[in-house]
Amino acid sequence: MRLIRNALALLLVCLALVPARTFAADKVDLLLVLAADVSRSIDADKFQLQRNGYAAALANPRVLDAIASGRYSRIGLTFVEWSGVGNQKVVIGWTMIGDAAAAKGFGDRLLEEPRSFADRTSISGGIAFAMAQLAAAPYESARRTIDVSGDGTNNAGPDVTTLRDAAVAKGITVNGLPILSANPMSWNPDHTNPPGGLANYYRDHVIGGPMAFVRVAKDFNAFGDAIIEKMIAEVSQAHEPQRHAAR
């Protein structure tokens, strides 16, 4: 019960920061929160590979084609970084992506922004913060997705499944992009290499909602290709009828 109370308290704090909408929102095919782990297990080189991967994915012609094929030919996108409890930040706020220029502009800004944190790993805090951003989105869509990438298990804050379930109850899909580590951390090997593997941890504890899925990056060098495939799948799903959750 204490974990549930803590989770709900965290969610209420995030939602309290959401301003009320006072205007008619533009319609988009998908509202997508890219939620990136910047905890201390991600060193400077890994962080740069991650940022480069996101920027390259946005400019990828296949991703742009997927966006263009939707009913409105545009998505709403925001990029947030998260780490330990209370350490979540909007790096780039809500932006409408409907052409190559907008996508490139988003990616260029992303490459220029400094790293936000280097703390513990609160996936639950990241999901709660992403939910608050979706509630404040200036665009309207029947599809709302949180795209969580990370290289470890939830080791700070409320239980991650409680926050995942809270998101699913609101009709939000949470997808996962676990980044695998060949060499476990010497001081906490189960964090990046939990029993059963990090991919299964994400399947069991992180993802949920309509058509939820896990896309695995075998390491940080493979992150760029993985995020391209993941974004194509997420955008393409926005054009399909909603079905039951898959984990």
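Listing for the model above:
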| item | result |
| --- | --- |
| Boolean, Ala130 is under 23 Å from Ile92 (Cβ atoms), at pLDDT 95 or above and out of contact with any strand residue (DSSP E or B) (no Cβ under 9 Å at 6 or more places or on another chain) | no |
| Criterion violated by Pro158 - all others in (1) closer than 22 Å to Val214 by Cα; (2) under 17 Å from the mean Cα position of the chain (by Cα); (3) part of a loop (DSSP other than H, G, I, E, B); (4) of a type outside the set (Ser, Thr, Tyr) satisfied | (2) |
| Residues of the stretch 160-190 classified as modelled with pLDDT of 95 or more, over 11 Å from Ile127 (Cβ atoms) and among the small types (Gly, Ala, Ser), total | 2 |
| Meets criteria (surrounded by fewer than 16 Cβ atoms within 10 Å (Cβ to Cβ), part of a helix (DSSP H, G or I), touching a helix residue (DSSP H, G or I) at 6+ places or on another chain (Cβ under 9 Å) and in contact (Cβ under 8 Å) with a residue 60 or more places away in the chain) for Leu134 | no |
| From the options Ser124, Ser83, Ser41, residue that is at pLDDT below 95 and either farther than 23 Å from Ser181 by Cα or not hydrophobic (A, V, I, L, M, F, W, C) (or both) | Ser41 |
| Enumeration of residues in the stretch 28-53 that are touching a helix residue (DSSP H, G or I) at 6+ places or on another chain (Cβ under 9 Å) and of a type in the set (Val, Ile, Thr) | Val33, Val38, Ile42 |
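Okay, residues lined up against (1) without any contact (Cβ under 8 Å) to a residue 60 or more places away in the chain; (2) not in a strand (DSSP E or B):
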site: Gly86; (1), (2): yes, yes
site: Val90; (1), (2): yes, no
site: Leu110; (1), (2): yes, yes
site: Gly125; (1), (2): no, yes
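The values are calculated or read from the model by the stated rules, or taken from the named source; none is laboratory data. This one's a predicted model, so the numbers in the text were calculated from it and none came from an experiment. All Cβ positions, even for glycine, are placed from backbone atoms using ideal geometry, and neighbour counts span all protein chains on display.
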